Amino acid sequence: MHSLAFQDIRVDVIKNLYQPFSVGVDVLRLDRLHPHVSGNKWFKLKEHLKEAHAQKQKALLTFGGAYSNHIAATAAACQEADLGSIGIIRGEQPPILSHTLKLAKDMGMELYFIARSAYKTKPIPHEVWQRHNPAEVYIVGEGGYGIKGREGAECILQYCERERYTHILAAVGTGTTLAGIAAAALPQQEVIGISVLKNHLDLEKEVAALLPPSRPTRFTVQHQYHFGGYAKATPALFSFMNNWHEFTGIPSDFVYTGKLFFAADNLIKKGYFPQGSRILLIHSGGLQGNLSLPKGTLIY
Ligand SMILES: *Cc1c(COP(=O)(O)O)cnc(C)c1O
């Protein structure tokens, strides 16, 4: 078992690629936190783990799909924090576990499966309460949307010199990470979220709802880089991800960060950023998700 390697988080400077556009581009490599459990998810869980300890709870329970980064991260974070972990998984138990679920199980997570039709209401199967006392189980919602998640995500910018940047870009699912970054950003910085969901137009409201009332809310969301929707991809996206890796040496995942880097590249080439802009891209990890792709789709 690898432990979380905060010392490996670093900023990579993208050389040459964007010089013709007179902007500087750096990438904050949260993906280096852990080989499987990389990225923003640990930050989103951090305050929940603290709270679970404070309440003397024995396990953390959460929900997710068979390829969920949140499930993998919860299993690892709980193992590291000496807490049990319980995953309620969408769909019937497959004959062979996905690599994500296998990983989670290897890290000590108890898995319970519920049919897709029943999953919407997030029921907790009775078997869970046969093994656990409800008072000792801390529940985190699917995707980890919420204030506690935002509080944890505020720490992300501590891993770079935040004052260097004019723009900060991050991939957005629930918007919790973006809210943390927006809350921690400096007033003059522009925070831009790249939505990986199709037409999720309430996102701005949902992010704003997580921001502390005292902080300025200078963030925007771009909605045109979803490539068909959540976990959807096109050959153009894969080809971009392969090229970008070749030029920069930085791998990305097809659900979140591939779309982020594509969007940044596209916005730069469209002249969105004024000359002299210094742009920080948050690599929020998620690389384990690429294991669900057919072999050869990505060259890394
Ligand atoms: C979950 C996830 C996100 C989105 O985080 P939210 O806080 O839900 O917006 C971004 N990148 C990766 C790699 C993720 O796993």
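Figures for the structure shown
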{"read-out": "Count - residues of the range 252-300 that are within 24 Å of GLY64 (Cα to Cα), within 12 Å of the ligand (Cβ to nearest atom) and not basic (Lys, Arg)", "value": "17"}
{"read-out": "Unique match (being under 17 Å from the mean Cα position of the chain (by Cα) and among the hydrophobic types (A, V, I, L, M, F, W, C)) among ALA170, ALA208", "value": "ALA170"}
{"read-out": "Some residue of the range 230-237 being touching a strand residue (DSSP E or B) at 6+ places or on another chain (Cβ under 9 Å) and either within 16 Å of the ligand (Cβ to nearest atom) or closer than 15 Å to ALA170 by Cβ (or both)", "value": "no"}
{"read-out": "Single residue of GLY39, GLY24, GLY91 found to be surrounded by fewer than 24 Cβ atoms within 10 Å (Cβ to Cβ) and in contact (Cβ under 8 Å) with a residue 40 or more places away in the chain", "value": "GLY24"}
{"read-out": "Failed item in (1) part of a loop (DSSP other than H, G, I, E, B); (2) surrounded by 18 or more Cβ atoms within 10 Å (Cβ to Cβ), with LEU237 passing the rest", "value": "(1)"}
{"read-out": "Listing of strands (runs of 3 or more DSSP E) fully contained in the range 1-78 that carry 3 or more residues being over 30 Å from TRP129 (Cα atoms)", "value": "11-14, 24-29"}
{"read-out": "Close pairs from the range 240-254: first under 18 Å from LYS269 (Cβ atoms), partner within 13 Å of the ligand (Cβ to nearest atom) and modelled with pLDDT under 95, Cβ under 6 Å, at least 6 apart", "value": "none"}
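The values are calculated or read from the model by the stated rules, or taken from the named source; none is laboratory data. If you're wondering where the values come from, they're calculated on a predicted model, not measured in any experiment. Backbone-built Cβ (ideal geometry, glycine too); neighbour counts: all protein chains shown.
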